[in-house]
Amino acid sequence: MVDIIEGYETEEQQVEAIKKWWSENGTMLVAGTVIALAGLWGWRFYGESVAEAKEEASSQFVQALAELKADSSEEGNATMVNFVADNEGNNYATLASMLLAKEAVKANNFALAKTQLTALLTTNTYQPLMPVIKLRLARVEAELGEFEQAIATLDGITEKGFVVKANQTKGATYIKQGNLELARSAFQTAVDLSEGRVDPFLQLQLDDLAVVKTEAAAPVLDEAQ
């Protein structure tokens, strides 16, 4: 089973994009490590002078986040879900949706994760964040067995900094679907687009399929020989 958590927090572009996002929008929240390796994420809040509405949203976000981290059950998710609904369109709601989707994936609640990420496709206004959302959504769709939809979502990722990861995820999706030839082609495309900086795990994925192909092509000896 492909770990759909793996890879979510490895793209340096994601780090810089979200840092820039919060900086430009002047919120109290500075995402120093919004995208960090395999769950190492955290938040630092600074007491800057901001509008009362933003202060209230910040307070509500902190409370919702604390409840989410304390209880990842449906009941524990409720506060964060309500926060997203009440603050639709602002930056805190966008971040809350991403965190809620992440926790839902860790709890194997892929339906909730898909709901949050799908909504973000229309509510998020910060375009550099879109490939991150699509990448995560495609992995969730693959886990739900929605392979064709996952591939379609990945086809929508054209940003240079993300096409390698998109094709790598396509390969993993095709493996789940049982189509090893298309998986091999997707992994090879990802390697070709890496421009010499190939992720070792990506190379391993491609090499494993090459071994499978070789073994499948090997002649079967007659047991009587």
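Below, the figures for the structure above:
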| item | result |
| --- | --- |
| Selection count where residues are assigned to a loop (DSSP other than H, G, I, E, B) and buried (at least 20 other Cβ atoms within 10 Å of the Cβ), scope segment 162-190 | 1 |
| Subset tally (residues that are over 19 Å from the mean Cα position of the chain (by Cα), in a helix (DSSP H, G or I) and crowded, with 18+ Cβ neighbours inside 10 Å) for segment 80-90 | 1 |
| Index of the failed condition, GLU159 passing every other in (1) among the charged types (D, E, K, R); (2) in contact (Cβ under 8 Å) with a residue 12 or more places away in the chain; (3) part of a helix (DSSP H, G or I) | (3) |
| THR125 vs. criteria modelled with pLDDT under 95, hydroxyl-bearing (Ser, Thr, Tyr) and under 30 Å from ALA85 (Cβ atoms) | yes |
| Among residues of segment 91-123, those that are crowded, with 20+ Cβ neighbours inside 10 Å and over 21 Å from LYS69 (Cβ atoms), counted | 1 |
| Pairs with Cβ under 9 Å, 6+ apart, first in segment 128-143 and farther than 16 Å from GLN168 by Cβ, second acidic (Asp, Glu) and part of a helix (DSSP H, G or I) | PRO128/GLU16 |
| For PHE61: the one exception among (1) under 26 Å from GLU141 (Cβ atoms); (2) at pLDDT below 80; (3) of a type outside the set (S, T, N, Q); (4) surrounded by 17 or more Cβ atoms within 10 Å (Cβ to Cβ) | (1) |
| Failed condition for ALA113, given (1) in contact with a helix residue (DSSP H, G or I) (Cβ under 6 Å, 6 or more places away or on another chain); (2) assigned to a loop (DSSP other than H, G, I, E, B) | (2) |
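The values are calculated or read from the model by the stated rules, or taken from the named source; none is laboratory data. Since the structure is predicted, the reported quantities are computational estimates derived from the model, not experimental observations. Don't worry about glycine lacking a Cβ; one is built from the backbone with ideal geometry, like all the others, and counts go over all protein chains shown.
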